[in-house]
Each structure stands twice: as structure tokens, then as C-alpha cells.
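Take a look at the structure below.
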Amino acid sequence: ELILIDDLLFALVGIEGRYISIKRVHGKADVVSFQVDASMDLALQELAKRIFPLCESYLLIDEFVESRSQFKHGLVNHAFAAALRAFLLDYQAMVAQLEHQFRLRRLSIQGLWFYCQPMTGSMQALSTVIRKVSANNYAGSAVLNLLQSQAKAMAGDSAVRSLLEKMTHSASNAYLSILERWIYEGVIDDPYGEFFIAENKSLQKESLTQDYDAKYWRQRYSLKKDIPSFLANIAGTILTTGKYLNVMRECGYNVQVPVSENSKLMTFGSNHQYLECVKAAYEFASGELLCLIKEKYDLIGKLRSIKHYLLLDQSLLDLALRTTAAAADPCHEDLTCCVERSSVLKGLSRLKDLDIKNVSHGNDLEEPISITGLETFSLSYKIQWPLSIVISRKALTKYQLIFRFLFHCKHVERQLCGAWQMHQGVRALNSHGTAISRSSLLCRSMLRFINSLLHYLTFEA
């Protein structure tokens, strides 16, 4: 019995003894088993086999700590391995105390089994997590999600659940430090690609003035699939917060969210303090950016200028361009005239959110043989960064389509006015009931309709 206890004390720290050996399955690094010599007394063999699961768990955890401390496995695995290493120090201290009792001849094999019992559940729970991490090669968010789910599954064992929650907190510290830099500075400091926000450095802000799909805003920073479960509900807010800070940085303003001791994201739990921190950071970043584009870059002035020209806020276009609007508008130099190569209907069909091709069956979208100058004339507007985020190429295209329709309506109104004046010239003939009289009534109805339509479009809508 004394020889077996001596061997078991070695086995508890992963070392073979005289009668206890370690067997590994070829090709499966995480499958380890301890075996006792068959010549040993059967009763002692059974007692030893009760302790073997603890020995196997230690060996598995120890090897995991060594392997996951490598740089390639990421910050979360580094932090998790460090927490496991601290836990193993407590475990090794327990084994050292048992060895001390054994040297004083105060330890029986039954006593050894009794003292190992409290640690067995914790070690087996950790080895279960480690097997899953190793088998699936988990890193970053996946490790955090696994630790959280395992902690919830151990609700019946408060000691094991507390240990797993402690491991989750330790592993999440590295992740939360990345999150903290993102929502407070708008910087992704993610050397191993663990963060749930991806950065596409190939997209530049200058592309916004030409790119119809505004890929810069949507794809420069985007969400990945592996989001930590405790951040899933606010992932969109976190993404937008960092984006706002990045816009200000691109404008040359190094804005940082004010950080206090209460806003440190070094832990998460049932108090949801981290949710309040994210919300406060979002409100700050949103307010700062809105203030910047409204006050320094005069967003409202640009929109008002666009309304003057592209939405025909001034009723007489030619006069507005030459005198009234242009003279009073500080943004008039951003306005340019252009000639489109397609009709309004074709332009509408190109809008992805108004894709007429999906509901049309005929050839009504085919280009006419010839398009008049009035149908192709349009206005364009120069929009610079950062206002190009709000007034994107897609938004400007919609403004242009509306302008072309309004411009065409104004042309029709002008033609109808000319026809009405011609009818007025022949009223002296007093030819009641003739074709001229009927056409005069029709012209008047058409003029009333086009005036009502224009009033609705330019004033009510």
C-alpha cells in the first residue's frame, strides 16, 4: 500500500512510478490513460483506478497550458492558459501537502482518495473544456462562449461553476482590452484576428464619392460570425461606435472617449456594467461626430443647397442658377451640370432597392431610339469627406433622378402654358363647341393637374 501511495503521488503530477504507467493512444494527443501493474493486489488496484481520472485530467491540463501559451493561439488562449497555470499551482500545493503527510506516515490510500475528492470534479470539468477547445482548435470568441456555456451547464455544482466563471473572467480580460480600445479610441489592436470586427484596409474613404454601393462605410469595418454571446445583443452598437471614432480620426481629429474607473471594461457579469459602458461610449462618439459634420463641415447647409438645386426649391431654375440661389448659396461652386446617357426609367431600374426588373415582364425598360436633351439634362453635386458618408453616391443618384423628373414636369408645365396662351389668342373667334374650345378645356385641365402635382412634390412631399 505504501509503495502504491508513493506511485500515486507521482501520478498526480503526471509522472510514471514503479507500478503505475502512462499509456497514450497513437495519433490522439488528448487521449491519455494510467494503468496499474496487474501483479498488484486487486483491492489496491481498484482504489488506484478511482484516482486515475484526476491524474489524467492533470496531465491533459498541463499539456494544454504548455501548447496554448504559444503566440499563434491568440490572446484569449494565452489568458486562459495563464489562469489554468495558476489553478495547477494550487493543485500542486495540495499534492505537496499530501506528500508531506505521507512522509510523516499519516496518509493511507483511503485518506488519499478522501483528500482528492474535492478537486476531482473541478479537474474533470476543466479537462472537458480543454478537450473541446483542442478538438475544434478554438480561439478568441469560441473559447469564451464554450467557457460560458459550460459554466451554465454546471449550475448544480456551485464550486465547479464558480471555478469556470473565474476562468471565463480571466480569459475575457484580454478580449475586453481589445474591445475597450475599439469603443474608446476606434482602434483595432487585434494581432491574432480574434476580435469580432474585421478591418478591410484596402478600402479608402475617397471611394465614397464614386462607389455607388458605399462599400467603405459597410465593409471597411464589418462584423464577423464568431461574436461572444455576452456581446451578441450590442455587437451592432459596438461596431458603429468605433466607426464614428474612425471617421473623426480620418478627418484629423484624435478624439477619445473620456474614461473613468467605472468605465473600465475589465470584467463582465450579471451587473451588466459593461453594457452601460458601451452605451455611454456610443452616445459620446455619436454626439461628437454629429457636432463635427454639422458645425465644421456644414451638413445642413449642404443639404439645403442640394434642396435648392436638385429638388427645385427655387421655382425658376435658370434665374436661380444665375442670380438668386447661386449668389446667396455659399456652396454654389459645388454644383455642376451634366448629361446622362440613359432615361429616368433606366436609372431607376439600376437602384438595387427599387429593382423594377424583378416585377417587369415586357420590354418597357429598353432604351428609346433617341432621348432628347431635356430628358438627359441633370445636375451633379461635389460632396467631400466626411459628408460623403451621409450624402453618398447612392443618395446623390436618387436626388438626381428626382431632379430629372421634376425638371421634366416643369418643362411640361411650360409647354402647357404656351399652348394655353395660344388658345387665349383665338378666343375672339368665339367659336363655342369647336375643336379649339374643347382643346382649350383639355389644356386647362392638364395645366391644373401638372400644377397640383408640382405643388405636391415640391411643397407637400
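The values are calculated or read from the model by the stated rules, or taken from the named source; none is laboratory data. Given the structure is predicted, the values throughout are model-derived calculations rather than measurements. For neighbour counting, all protein chains shown are included, and Cβ atoms are generated from backbone atoms with ideal geometry for every residue, glycine included. For the accessible areas, the whole protein counts, side chains as well, though only heavy atoms, and no ligand, DNA or RNA atoms are used. Shrake-Rupley method; radii C 1.70, N 1.55, O 1.52, S 1.80 Å.
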Every residue from the stretch 228-254 that is free of Cβ contacts under 8 Å to residues at least 12 places away in the same chain and either among the charged types (D, E, K, R) or on the phi > 0 side of the Ramachandran plot (or both): GLY252
Quickly run through the stretch 127-162 and pick out the residues that are touching a Leu at 6+ places or on another chain (Cβ under 7 Å) and closer than 21 Å to HIS73 by Cβ. SER127, VAL129, ILE130, LYS132, VAL133, TYR138, LEU147, GLN150
Quick one: SER69 ticks every box in (1) at pLDDT 90 or above; (2) open to solvent by less than 90 Å² (accessible area, probe 1.4 Å) bar one, so which box is it? (1)
Reported set for the stretch 175-198 where residues are touching a residue at least 60 places away in the same chain (Cβ under 8 Å) and in a helix (DSSP H, G or I) is TYR175, LEU176, SER177, ILE178, LEU179, GLU180, TRP182, ILE183, TYR184, GLU185
Could you check, for the stretch 386-400, whether at least one of its residues is hydroxyl-bearing (Ser, Thr, Tyr) and touching a strand residue (DSSP E or B) at 6+ places or on another chain (Cβ under 7 Å)? no
Which of the residues belonging to the stretch 132-162 are among the aliphatic types (A, V, I, L, M), in a loop (DSSP other than H, G, I, E, B) and open to solvent by 60 Å² or more (accessible area, probe 1.4 Å)? ALA155
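Being part of a helix (DSSP H, G or I), at negative phi, among the polar types (S, T, N, Q) and surrounded by 16 or more Cβ atoms within 10 Å (Cβ to Cβ) is the requirement here; does SER127 meet it?
Yes; evaluated as a whole, the condition is true for this residue.
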Identify, from the list VAL13, VAL25, VAL32, the residue that is closer than 17 Å to SER134 by Cβ, open to solvent by 20 Å² or more (accessible area, probe 1.4 Å) and among the β-branched types (Val, Ile, Thr). VAL25
Residues in the stretch 166-174: is at least one basic (Lys, Arg) and touching a residue at least 60 places away in the same chain (Cβ under 8 Å)? yes
Among residues belonging to the stretch 252-285 that are part of a helix (DSSP H, G or I) and open to solvent by less than 40 Å² (accessible area, probe 1.4 Å), point out the one that is modelled with the lowest pLDDT. SER263
Determine whether ILE5 is in contact with a Phe, Trp or Tyr (Cβ under 7 Å, 6 or more places away or on another chain) and part of a strand (DSSP E or B). no
Does ILE61 count as open to solvent by less than 10 Å² (accessible area, probe 1.4 Å), out of contact with any Lys or Arg (no Cβ under 8 Å at 6 or more places or on another chain) and in the same structural domain as VAL95 (by the TED database)? yes
Farther than 23 Å from LYS132 by Cβ, part of a helix (DSSP H, G or I), out of contact with any Ser or Thr (no Cβ under 9 Å at 6 or more places or on another chain) and modelled with pLDDT under 90: which single residue out of GLN45, GLN92 fits that description? GLN45
Counting only residues that are over 15 Å from LEU164 (Cα atoms) and either of a type in the set (A, V, I, L, M) or not assigned by the TED database to the domain that holds LEU59 (or both), how many does the stretch 85-126 have? 10
Can we say GLN97 is touching a residue at least 60 places away in the same chain (Cβ under 8 Å) and open to solvent by 60 Å² or more (accessible area, probe 1.4 Å)? no
Taking the stretch 370-415, which residues are open to solvent by 20 Å² or more (accessible area, probe 1.4 Å), charged (D, E, K, R) and in a helix (DSSP H, G or I)? GLU375, ARG393, LYS394, LYS398, LYS410, GLU413, ARG414
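Conditions (1) part of a helix (DSSP H, G or I); (2) under 16 Å from LEU2 (Cα atoms), marked per residue:
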residue	(1), (2)
PHE34	no, no
SER39	no, yes
ARG50	yes, no
PRO53	yes, no
GLU56	yes, no
GLU63	yes, no
GLU66	yes, no
GLY74	yes, no
Taking the stated definitions as given, is ILE234 out of contact with any Lys or Arg (no Cβ under 9 Å at 6 or more places or on another chain), at pLDDT 90 or above and in the same structural domain as TYR184 (by the TED database)? no
Is it fair to say LYS201 is more than 12 Å from the chain's Cα centre (by Cα), free of Cβ contacts under 8 Å to residues at least 60 places away in the same chain and closer than 30 Å to ARG393 by Cα? yes
Residue match in the stretch 172-187 (condition: more than 17 Å from the chain's Cα centre (by Cα) and surrounded by 22 or more Cβ atoms within 10 Å (Cβ to Cβ)): yes
